[in-house]
Amino acid sequence: MRNRRSFAVLSLIFLWVALVGMGKGPGPDVPVPEVSYNATVRDDQDITTKVVNASWEGNIFFIGTRGKGTVTVTFEKIKKVVATGSGANNKSDFQVTMKSGDVVAISLDNDQRFMGTTSYGTFRILAKNIKEVTFD
C-alpha cells in the first residue's frame, strides 16, 4: 500500500510540473531597450508599421559603416533613415537625416534587424527590407 501511495504522489508531482511548464507563455521576441523610442517603419512593399520600444538589434543606436570606418548614431539624434540602395558586402546603404538637419550616409548589414512592439504584437524587419524609418 505504501508503494502505491508513494507512486501516486510522485505521479501527481510529475504531472503538476509538466502542466505548469506547459502553461508558460512565449518569452519576449524582441528586446525592450532602456529608453523607449517611437518610430514608423516603411518596408520595401510600402507597408508602414508604428512601433514603440524601437531598437536596432536590441540597441538604441544604429551601428554601421561609413567608408572604411565604423559609426554609431543614437536614435536620440535621428529624425529619419532612408534606404538609398544596396551596397557591397551584403550591406544596404542609408541616408540618415539628423534632427540638427545634418545628413550622414551609412551602410548597415542586410541581416541585422530593426525591432519594436506594436499594439498587436512584436515587429522585426531586416535592414535589406527597410525603405524608411521615421522617429517620432
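None of the figures in this text is laboratory data; all of them are computed from the coordinates on show. The model shown is predicted, which means the values in this text are computed figures rather than measured ones. Cβ: placed from backbone, ideal geometry, glycine included. Neighbour counts: every protein chain shown.
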- Message: Return the residues of the stretch 106-127 that are buried (at least 16 other Cβ atoms within 10 Å of the Cβ) and in contact (Cβ under 8 Å) with a residue 60 or more places away in the chain; say none if nothing qualifies.
- Response: F114, M115, G116, T117, F123, I125
- From the residues in the stretch 88-136 that are among the small types (G, A, S) and touching a Leu at 6+ places or on another chain (Cβ under 9 Å), which one is farthest from G69 (Cα to Cα)? A127
- Query: Which residue pairs have Cβ atoms under 6 Å apart, sit 6 or more places apart or on different chains, and have a first residue in the stretch 52-80 that is within 15 Å of V133 (Cα to Cα) and free of Cβ contacts under 8 Å to residues at least 40 places away in the same chain and a second that is aliphatic (A, V, I, L, M) and in a loop (DSSP other than H, G, I, E, B)?
  - Reply: I60/V35
- Query: Taking interchain pairs and intrachain pairs at least six residues apart, which have beta carbon atoms under 9 angstrom, with the first residue in the stretch 30-46 and aromatic (F, W, Y) and the second loosely packed, with under 13 Cβ neighbours inside 10 Å?
  - Reply: Y37/E76; Y37/D136
- Query: Of all residues in the stretch 71-88, which are outside any strand (DSSP E or B) and either surrounded by fewer than 19 Cβ atoms within 10 Å (Cβ to Cβ) or touching a Cys at 6+ places or on another chain (Cβ under 6 Å) (or both)?
  - Reply: E76, K77, G87, A88
